[in-house]
Amino acid sequence: MSTDRDTVRSYDAVAAEYAAEAAAMPGWVATEIDAFVTGLGGSGRVLEIGSGGGRDALELEKRGISVRRTDISKGFVELLRENGFEADLLDPLTDDLADPQRPGTPYDGVWACACLIHVAREDFGKVLGRLAEVTRTGGRLHASVRDGDGEDISAHGATPRRYAETYWREPALRSALTDAGWVVSGIRRCMGRPDDWWLSVRASRA
């Protein structure tokens, strides 16, 4: 989902380490999962973008949601498969997003937690639009991006890494979502690590 291949290579190199670091569910993500599952009525088929180590998918499945796990990182996909889960290597900017288990049937929702930060600003609207195209009318979206201005290279983590990140402010984020075919019901500002703020989107397919 990023034109910056170093980002993908960084995730490939540290997939298992990253999954261990992210194993604990942040409180704000748990709150978003509650709202997302409630919006789906406790059932449905969901496309997950950026599955990573699989933390969120496991929780969604505990709540009765069927999840298609995907990631742009081969390292994460291989890790998920090693752990016994089906997972697909997928770039939401360029790859076919249709559900291979249900050809011709749209998803009931899209879960994209803390991953679309790696989509370049010029590609962001296209990715949101492509996700809308494969989601049924009224289907739900969760997406979260870092709150801020401009772009940056992040190197956080114990192992040297290089992540290209794009930051958003709420007005521009809301506009991009609306233009792509999503009806925004709310954008919450949530704190991850100290001084690490996220914009957490709740939206539905127009």
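The values are calculated or read from the model by the stated rules, or taken from the named source; none is laboratory data. This is a predicted model, so every value here is computed, not measured. Reconstructed Cβ throughout: ideal geometry from the backbone, glycine too, with neighbour counts over all protein chains shown.
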Item to check | Hits in region 13-42 - residues which are in contact with a Lys or Arg (Cβ under 9 Å, 6 or more places away or on another chain), assigned to a loop (DSSP other than H, G, I, E, B) and either polar (S, T, N, Q) or at pLDDT 95 or above (or both) | outcome: Leu40, Gly42
Checklist outcome for this item: Cβ pairs under 7 Å, 6+ apart or interchain, first in region 169-187 and among the β-branched types (Val, Ile, Thr), second assigned to a helix (DSSP H, G or I), ordered by first then second residue, are Val184/Arg174; Val184/Leu177; Val184/Thr178; Ile187/Glu170; Ile187/Leu173; Ile187/Arg174
Checklist entry - Quick check, is Gly50 in contact with a strand residue (DSSP E or B) (Cβ under 7 Å, 6 or more places away or on another chain), in a loop (DSSP other than H, G, I, E, B) and buried (at least 23 other Cβ atoms within 10 Å of the Cβ)? => result yes
Item to check | Test for Gly129: is it small (Gly, Ala, Ser), outside any helix (DSSP H, G or I), at pLDDT 95 or above and over 24 Å from Glu21 (Cα atoms) | outcome: no
Checklist entry - When you go through Arg140, Arg102, Arg146 one by one, which is the residue that is in contact with a strand residue (DSSP E or B) (Cβ under 8 Å, 6 or more places away or on another chain) and loosely packed, with under 15 Cβ neighbours inside 10 Å? => result Arg102
Checklist entry - Listed residues Glu86, Glu78, Glu61; which is touching a strand residue (DSSP E or B) at 6+ places or on another chain (Cβ under 8 Å), surrounded by fewer than 19 Cβ atoms within 10 Å (Cβ to Cβ) and assigned to a helix (DSSP H, G or I)? => result Glu61
Checklist entry - Which one of these does Pro171 not meet: (1) assigned to a helix (DSSP H, G or I); (2) of a type outside the set (Asp, Glu); (3) touching a strand residue (DSSP E or B) at 6+ places or on another chain (Cβ under 6 Å)? => result (3)
Next on the checklist: Of all residues being outside any helix (DSSP H, G or I) and either within 21 Å of Leu199 (Cα to Cα) or free of Cβ contacts under 8 Å to residues at least 24 places away in the same chain (or both) in region 1-12, which is nearest to the chain's Cα centre (by Cα)? Just the residue, please.
Outcome noted: Met1
Checklist outcome for this item: Scanning region 132-149 for residues that are on the phi > 0 side of the Ramachandran plot and in a loop (DSSP other than H, G, I, E, B) gives Gly148
Next on the checklist: Take Ser43 and tell me if it is more than 27 Å from Arg5 (Cα to Cα) and among the polar types (S, T, N, Q).
Outcome noted: yes
